[in-house]
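These notes concern the structure reproduced below.
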Amino acid sequence: MIAAADGVVLQACALGLRLQGQRIVDQVTLPVQRHEMLGLIGPNGSGKSSLLRLLAGVIQPNEGQVLLQGQPLQKMGRRAIARELALVAQMAETQDAISVEDAVALGRTPWLSALQPFSLQDWDAVQQALNAVGMEAKRHSAWHSLSGGERQRVHIARALAQQPGVLLLDEPCNHLDIHQQLSLMALIRALPVTKVVALHDLNQALACDRVAVMQQGRLVALGAPAQVLDAALLAQVFRVEASTLVDPWDGSRVLRFRPLSSS
Ligand SMILES: Nc1ncnc2c1ncn2[C@@H]1O[C@H](COP(=O)(O)OP(=O)(O)OP(=O)(O)O)[C@@H](O)[C@H]1O
């Protein structure tokens, strides 16, 4: 559990985003605690990706602001932000003619300068990141030769090589087989950094420290998964009837769903 004294590292303050006259993110205030794993959940189109992009400074809000370590993101340079925070976007792309190792090495960019060229320490960070996602055997492979799941792992390795204090991940388990999903979630959970993870699998969300629930651009609930993900919220936000089972293997809670009729 996260102690309040750990402090807030990233904060959305009354954030609003409008696109083509539509409210995509609406008055979202969300403090992210140091070293917590915060699951960001909500139905398709509820604004999860948009909120992550706002939190990363990739897009600018129409209202409110984002504070990173207490500083307004809009006043920070890209390089300063990239030293603190990495975003692994959904379906992120990379230049075709690049090796896996070079794609991961791009994560070191915020730390390099004319006076500080790529060093052994940078290669160490790349090596560790490749090991963490189990892609060291493919380090010399061409990016375009990878499967969808392997590309996803390389994107995560690039973010890890960046060595940020805050990691934002947009549906990191997309394209991954069940073994890779479980090992990636365990890897993410064990990282000694602050994590905000957009997830569709509500059973994966149960393993987060807290969950933030989005609906039509608004933050409608925030708290411990066991408290937040009750039958009433699941019906109202996700339009499902849920039952809770207990896994006899370890006693953990498992959710099962049936769709509610749309009427
Ligand atoms: N560039 C854009 N222009 C107009 N509308 C947009 C744009 N980007 C996103 N939207 C709209 O904003 C809403 C929220 O999209 P967003 O991708 O943030 O939702 P999401 O919760 O991440 O969805 P999903 O679970 O399907 O990935 C959607 O209705 C989407 O169509």
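With an 8 Å Cα cut-off and a minimum separation of 6 or more residues, compute the relative contact order for the chain in percent.
Working: 488 pairs, mean separation 61.5, N = 263.
Relative contact order, the chain: 23 percent.
Comparing Leu67, Leu234, Leu19, which has the greatest mean-square fluctuation in the GNM of the chain with Cα pairs linked when under 10 Å apart?
In the Gaussian network model the winner is Leu19.
Give the span of the chain's Cα atoms along each principal axis, as three whole-Å numbers ordered largest to smallest.
Each principal axis gives a Cα extent; for the chain these are 59, 44, 40 Å.
Going from most exposed to least, what order do Arg139, Arg78 have by accessible area with a 1.4 Å probe?
If we order Arg139, Arg78 from most to least accessible, we get Arg78, Arg139.
Under the rule a/c < 1.5 gives rounded, and otherwise a/b versus b/c splits prolate from oblate, where does the range 12-153 land using the Cα gyration tensor?
Cα axes put the range 12-153 in the prolate bin.
Can you tell me, using C-alpha contacts under 8 Å and at least 6 residues apart, the relative contact order of the range 31-114 as a whole percent?
Once divided by the residue count of the range 31-114, the mean separation gives 19 percent.
For a quick check: with amide H placed at 1.01 Å from N, whose amide H comes under 5 Å from Leu10's, ignoring anything fewer than 5 positions away on the same chain?
Under 5 Å from the amide H of Leu10: Val32, Gln69.
Please identify, among Val166, Val133, Val220, the residue showing maximal mean-square fluctuation in a Gaussian network model of the chain using a 10 angstrom Cα cutoff.
Val220
Using the heavy atoms of the protein chains and a 1.4 angstrom probe, tell me the accessible area per residue for the chain in square angstrom.
Computed with neighbouring chains in place, this is 50 Å² per residue.
Given a Förster distance of 30 angstrom, what is the FRET efficiency for Leu19 paired with Arg189, based on the Cβ-Cβ distance and rounded to 0.05?
0.35
Per-residue ellipticity at 222 nm for the chain, helices alone: DSSP H runs ≥ 4 residues times -39500 (n - 2.57), over residue total, nearest 500 deg cm²/dmol?
Here the helix-only value at 222 nm equals -8000 deg cm²/dmol.
In square angstrom, rounded to the nearest 10, how much accessible surface does Asp124 have for a 1.4 Å probe?
Roughly 90 Å² of Asp124 is accessible to a 1.4 Å probe.
Could you order Ile41, Ile24, Ile178 by accessible surface area, starting with the largest, using a probe radius of 1.4 Å?
Accessible-area ranking of Ile41, Ile24, Ile178, largest first: Ile178, Ile24, Ile41.
Reported to two decimal places, what Rg/Rh ratio describes the range 179-263 when computed on Cα atoms with Rh from the Kirkwood expression?
Rg divided by Rh gives 0.98.
At a 1.4 Å probe radius, which order do Trp123, Trp249, Trp111, Trp143 fall into by accessible area, largest first? Before the final figure, lay out each step's value.
Numbers: Trp123 95, Trp249 215, Trp111 70, Trp143 0 Å².
Descending order: Trp249, Trp123, Trp111, Trp143.
The values are calculated or read from the model by the stated rules, or taken from the named source; none is laboratory data. Everything quoted here is computed from the prediction, not taken from an experiment. Quick reminder, even Gly has a Cβ in these numbers, built from the backbone with ideal geometry, and neighbours come from all protein chains shown. To get the accessible areas, we keep the full protein, side chains included, count just its heavy atoms, and leave off ligands, DNA and RNA. Shrake-Rupley method; radii C 1.70, N 1.55, O 1.52, S 1.80 Å.
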